[in-house]
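Visitor: If you scroll down you'll find the structure; I have some questions about it.
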Amino acid sequence: MRKSPRLTRDGRRGPRDIARRTNASAATCSVPYNGHVLWFIACGVRYLSDSPRRGDNVKMARIFLSENWLPKSVLCLRDYDRHKFLLDLIAGVTVGLVALPLAMAFAIASGLTPQAGIYCAIVTGFLISALGGSKTQIGGPTGAFVVVVAGIVAVHGIDGLFMCTVMAGVLLVIMGVTGLGTGVKFIPRPVVIGFTNGIAVLIASTQVKDFFGLHLDKVPGVFWLRVEALAGNFHTLSWEAAALAVFTLLVLIICRGLSSRIPGPIVALLLSTCAVYFFKLPVETIGTRFGGIPSGLPHWQIPHFRTDLIHGLLGPAFTVAMLGAIESLMSAVVSDRMSNDRHNPNVELIGQGVANIFSPMFGGLPATGAIARTATNIRAGAQTPVAGMIHALTLLCILLFAAPLVSYVPMAALAGILMMVAYNMGEWREIPQLLKLTKTDISIWLVTFALTVFADLTVAVEAGMILAALLFISRVAATTTVSQVTDDYVEDGRVHILQDKDIPYYATIFRIHGPFLFGATDKIQAVTESLHTLPPVVILRLRNMTALDATGLFAIEEVAKQLHASKRTLILCGAREQPAQLIHQAEFAEVIGEENICDNVQDALCRAEEVYEGLEQRFVVAKVSS
């Protein structure tokens with residue numbers, strides 16, 4: 001006779017019965033019992049999976065509980081220790097001090113108060129680090145949003161900006177959840193350079209007034225009207241403000257020249273603020289323009305949601321989401337290269353989206369990954385996302401205990417810092433390389449740049465996406481050929497086949513199959529993902545690569561630099577007509593050497609032998625001399 005379970009007074013099962021059932025479950029559950037609460041979760045998921053009615057829910061739970069969907073902060077805590085915390089503490093405080101002037105400058109340039117930038121840096125900086133998919137990325141307000149935010153505020157007001165930020169955050173979360181985080185790679189390099197060049201010019205033009213201390217009541221939002229107004233009022237410049245701005249630029253340049261570890265913006269800000277305070281310089285400060293910034297915690301306030309603005313904000317929200325995705329994933333790639341890690345693009349976009357949803361609730365701006373602050377974070381020794389959270393807490397401490405001191409910060413110094421930001425984000429060094437490419441790539445860059453500066457950033461983003469699609473179709477269509485197989489064709493192909501050739505131990509061969517265009521360039525990571533296991537010579541066989549564009553060539557160049565940094569040699573071989581023409585036109589031989597671009601794999605193997613013999617000779621000479 002089966003015994004009934006022992007119940008407590010309130011009718012629930014007693015502890016003995018629960019233990020009995022737990023032991024029985026342990027016998028049937030395939031997960032080893034370890035007494036941990038996660039064991040019960042694992043067995044529960046295993047039990048639910050046996051139920052056909054709950055199968056779909058279990059599949060969804062398994063997907064989002066897997067490591068592919070966990071934030072980096074959770075994954076990094078598994079082996080977190082005191083040493084890593086100390087390194088994160090130093091890096092977080094350093095980058096928090098660097099972020100202070102940038103956050104205020106971006107907010108002011110966007111037409112908002114300086115505290116809006118600080119609130120944004122605190123809230124989004126913490127959430128992006130806590131929920132994102134990058135180990136060392138720093139989030140916050142960036143220069144990419146200055147122009148579009150200023151335009152939204154001018155047309156739709158503050159309520160429109162807050163609504164737009166929330167809408168963009170929702171779009172970013174959708175992009176991450178649906179796996180579209182990798183979709184940003186379908187934007188070609190000329191379009192991205194056109195965006196960044198245009199945004200840099202616009203940011204610099206908005207800072208001319210404060211840089212020279214011009215007396216101008218309102219700076220027009222349209223570029224050519226802005227230039228006309230600045231030129232018409234240039235006679236009102238303040239020599240003190242101009243000298244202070246130039247001094248700020250010089251300090252930034254000197255700090256960078258001395259060491260990349262020196263936080264140039266905070267040094268320049270401190271020196272210029274001290275100069276204004278002690279010498280009583282007659283320049284405009286945050287205190288004289290905004291009355292200072294309020295001390296205390298940011299106030300929680302749900303933005304007013306106006307349904308009449310939704311239709312007009314769809315375009316700007318899409319622009320903010322796309323710029324945020326592009327900027328954050330570019331910053332994450334930079335972080336990966338500097339920290340030898342690999343970010344999760346979908347989790348990163350989810351973290352960015354959540355941060356942008358919460359930012360307006362504290363009066364903040366749109367935010368994304370900041371490349372300069374991320375690099376500063378890594379150089380300062382950051383190990384995990386905890387450094388990013390400490391950076392946000394550092395800004396919060398400044399807001400609580402040092403807010404009155406911020407009133408003395410001169411506007412000219414912030415303008416000088418933003419001028420340097422505009423120069424750095426412009427990617428001007430890419431332009432000479434871009435001009436060596438095809439007329440199509442140059443035309444796309446010029447169109448994107450012109451639309452960004454003279455039209456509207458929303459129009460530029462939409463036009464850039466359309467151009468990217470048309471370019472992709474055109475390049476793929478051009479790869480299709482129909483030709484007759486002749487004896488000469490068969491004979492010419494013998495030097496390209498690998499079946500009758502021996503690959504020596506000191507070399508390895510990778511091949512690219514199909515068109516290597518902007519949508520597929522991330523696949524070349526297969527070459528460098530196990531870099532330390534590669535032999536001294538790496539041959540990249542391009543015989544089956546039917547097409548190549550600027551983004552693909554840039555990806556190959558990055559691989560060549562990584563191999564060179566690890567004392568390895570890259571050899572290209574077998575490129576067909578269109579890729580070979582682009583490689584020659586872009587002067588790629590300057591990157592890897594003319595002798596390392598071979599016509600076929602047979603010549604590449606011969607070149608690999610020469611490289612290895614040279615390495616052996618250098619090793620013998622070094623051994624004898626020692």
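The values are calculated or read from the model by the stated rules, or taken from the named source; none is laboratory data. Just so we're clear, the structure is a prediction, and the values are computed from it rather than from any experiment. No Cβ is skipped: glycine too gets one built from the backbone with ideal geometry, and neighbour counts run over all protein chains shown. Side chains included, ligands, DNA and RNA excluded: accessible areas come from the protein's heavy atoms. Shrake-Rupley method; radii C 1.70, N 1.55, O 1.52, S 1.80 Å.
Visitor: Please pull out the direction-averaged projected area of the chain, using the convex hull of its alpha-carbon atoms, in nm² to one decimal place. Can you show the working numbers first?
Guide: Values: hull surface 165.5 nm².
That works out to 41.4 nm².
Visitor: Loop-only trypsin sites (Lys or Arg not before Pro) in the range 385-456, please: DSSP not H, G, I, E or B, and at most 13 other Cβ atoms within 10 Å. Don't skip to the end; give the middle numbers.
Guide: Values: sites: R429, K436, K439; in loops: R429, K436.
Loop-located and lightly packed - R429.
Visitor: Anything in the chain that counts as a DSSP H helix reaching 27 Å or more along its axis (C-alpha) with Kyte-Doolittle mean of at least 1.0? List them, would you?
Guide: 82-109, 146-177, 239-258, 310-339, 457-478
Visitor: Can you compute the charge dipole magnitude of the chain about its Cα centre, using +1 on each Lys and Arg Cβ and -1 on each Asp and Glu Cβ, nothing else charged? Give it in debye, rounded to the nearest 20.
Guide: Working: 50 positive and 46 negative charges, 670 e Å.
Roughly 3220 debye for the chain.
Visitor: Can you compute log10 of I(q)/I(0) for the range 145-297 with the Debye formula, treating each Cα as one identical point scatterer, at q = 0.09, 0.15, 0.20, 0.21 Å⁻¹?
Guide: Summing over Cα pairs of the range 145-297 leads to -0.46, -1.14, -1.33, -1.34.
Visitor: Tell me, what % of the accessible area of the chain is carbon and sulfur with a 1.4 angstrom probe?
Guide: Working: 19400 of 31430 Å².
On the chain, the fraction of accessible area on carbon and sulfur atoms equals 62 percent.
Visitor: Over the Cα atoms of the range 285-418, what Rg and Dmax result, in angstrom?
Guide: Answer for the range 285-418, Rg first and Dmax second: 17.4, 48 Å.
Visitor: Between the range 92-130 and the range 481-558, what's the alpha-carbon centroid distance in Å?
Guide: Each part's Cα centre sits 45 Å from the other's.
Visitor: Highest first, please rank the peptides 208-219, 605-616 by the mean number of other Cβ atoms sitting within 10 Å of their residues.
Guide: Numbers: 208-219: 18.7, 605-616: 15.7.
Highest mean packing first, the order is 208-219, 605-616.
Visitor: Suppose all protein chains stay in the model; what accessible area per residue would a 1.4 Å probe give for the range 64-186, in Å²?
Guide: On the way: 4270 Å² over 123 residues.
Heavy-atom accessible area per residue stands at 35 Å².
Visitor: Of the cross-linked pairs K523/K623; K135/K439; K523/K567; K72/K561; K436/K501; K218/K439, which ones have a Cα-Cα span greater than 29 Å in the structure shown? Before the final figure, lay out the partial values.
Guide: On the way: K523/K623 39 Å; K135/K439 39 Å; K523/K567 22 Å; K72/K561 27 Å; K436/K501 36 Å; K218/K439 40 Å.
Beyond 29 Å between Cα atoms: K523/K623; K135/K439; K436/K501; K218/K439.
Visitor: Taking only DSSP H segments of four or more residues, each worth -39500 (n - 2.57), what value at 222 nm results for the chain once the sum is divided by all its residues, to the nearest 500 deg cm²/dmol? Before the final figure, lay out each step's value.
Guide: Working: 27 runs with 387 residues, N = 626.
The helix-only estimate for the chain comes to -20000 deg cm²/dmol at 222 nm.
Visitor: Using 10 Å bins from zero, what percent of all Cα-Cα pairs in the range 294-334 falls into each bin?
Guide: So the P(r) values, bin by bin, are 22, 26, 33, 19, 0.
Visitor: Here's a follow-up. So for the range 281-350, considering every pair of alpha-carbon atoms, how many percent are separated by more than 20 Å? All intermediate terms of the calculation are to be shown ahead of the outcome.
Guide: On the way: 1564 of 2415 pairs.
Percentage above 20 Å: 65.
Visitor: OK, next. What are the radius of gyration and Dmax of the range 512-621, computed over its Cα atoms and given in Å?
Guide: Gyration radius and largest Cα-Cα distance of the range 512-621: 13.7, 46 Å.
Visitor: Continuing with this model, one more query. Quote the Stokes-Einstein diffusion coefficient, in whole µm² s⁻¹, for the range 58-153, based on the Kirkwood radius over alpha carbon pairs, a temperature of 25 °C and a viscosity of 0.890 mPa s.
Guide: Values: Rh = 15.3 Å.
Here the translational diffusion coefficient equals 160 µm²/s.
Visitor: Now, a different point. I'd like the chymotrypsin sites (Phe, Trp or Tyr not before Pro) in the range 260-340 restricted to DSSP loop residues with at most 12 other Cβ atoms within 10 Å, sorted by number. Working shown, then result.
Guide: Values: sites: Y277, F278, F279, F290, W300, F305, F318; in loops: W300, F305.
Answer in residue order: W300, F305.
Visitor: While we're looking at this one, here's another question. Taking +1 at the Cβ of each Lys and Arg and -1 at the Cβ of each Asp and Glu, which of L615, L314, Q433 sits farthest along the dipole of the chain towards its positive end, judged by Cα position relative to the Cα centre?
Guide: L314
Visitor: Using Cα pairs closer than 8 Å and at least 6 residues apart in sequence, work out the relative contact order for the chain, in percent.
Guide: On the way: 1031 pairs, mean separation 130.2, N = 626.
Relative contact order for the chain comes out at 21 percent.
Visitor: Would you list F472, F510, F619 from the most to the least accessible area, probe 1.4 Å?
Guide: On the way: F472 80, F510 50, F619 135 Å².
Descending order: F619, F472, F510.
Visitor: Tell me, how many Å apart are the Cα centres for the range 276-302 and for the range 134-196?
Guide: Their Cα centres are 28 Å away from one another.
Visitor: Another one. For the range 407-502, state what percent of all Cα-Cα pairs lands in each successive 10 Å bin, counting from 0 Å until the bin that includes the largest distance.
Guide: Final binned percentages: 11, 23, 22, 18, 14, 7, 3, 2, 0.
Visitor: Hey, another quick one. In the chain, if the dipole is taken from +1 on Lys/Arg beta carbons and -1 on Asp/Glu beta carbons about the Cα centre, which of V98, L171, I398 is farthest to the positive end?
Guide: Result: I398, furthest along the dipole toward the positive end.
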